[in-house]
Amino acid sequence: MQIVRTIVWVLLLFALLAFSFFNWKPVEVQIWSNIVLETKLPALVIVAFLLGLIPMWLVHRTAKWRMTRRVNALEAATTRLATPKSDTPTAASTAPAAATPRADSPPQPANPVDPEPKTPQ
């Protein structure tokens, strides 16, 4: 996705440079009845582009920041709910000590099979 974004920005820059090269003419912009601004056409196009881009970019970054904070808060709340509290006994801590295997004993299979079948007498 990053390569597509880079290609789009390079194409936009190339188009702006081509536009600037072929339209480097002075233009007059009447701001109020007594104020006239004389500038080059590419400068006017760049300023108009930035006036449209910057507010929308700021809105996007603000929304992304807000959503990231909400996701992080929800993840933290979920983590707090998922972890057991230390003052309440859990099933593992209430199990008898004999049921837990010792460290020096070999591991036992989960479903052992009797090696000698019992015959009725």
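The values are calculated or read from the model by the stated rules, or taken from the named source; none is laboratory data. None of the values given here were measured: they were computed from a predicted structure. Positions of Cβ are backbone-derived with ideal geometry, glycine not excepted, and every protein chain shown enters the neighbour counts.
For Ala77, work out the one condition from (1) over 24 Å from the mean Cα position of the chain (by Cα); (2) modelled with pLDDT of 65 or more; (3) among the small types (Gly, Ala, Ser) it doesn't fulfil.
With respect to (1) over 24 Å from the mean Cα position of the chain (by Cα); (2) modelled with pLDDT of 65 or more; (3) among the small types (Gly, Ala, Ser), Ala77 is out only on (1).
Residue by residue, here is whether (1) surrounded by 10 or more Cβ atoms within 10 Å (Cβ to Cβ); (2) over 40 Å from the mean Cα position of the chain (by Cα); (3) basic (Lys, Arg) holds:
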site	(1), (2), (3)
Leu13	yes, no, no
Phe21	no, no, no
Pro26	no, yes, no
Ile31	no, yes, no
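I'd like the full set of residues that are surrounded by 11 or more Cβ atoms within 10 Å (Cβ to Cβ) and of a type in the set (Lys, Arg), limited to the stretch 35-64.
Lys40 - this is the single residue of the stretch 35-64 that is surrounded by 11 or more Cβ atoms within 10 Å (Cβ to Cβ) and of a type in the set (Lys, Arg).
Show the residue pairs meeting these rules: Cβ distance below 6 Å; 6+ apart or different chains; first residue within the stretch 37-50 and within 17 Å of Ala18 (Cβ to Cβ); second residue among the small types (Gly, Ala, Ser).
Going by the 6 Å Cβ cut-off, the qualifying pairs are Pro42/Ser20.
Being acidic (Asp, Glu) and over 28 Å from Ala15 (Cβ atoms) is the filter here; which residues of the stretch 27-76 pass it?
Passing the criteria: only Glu75.
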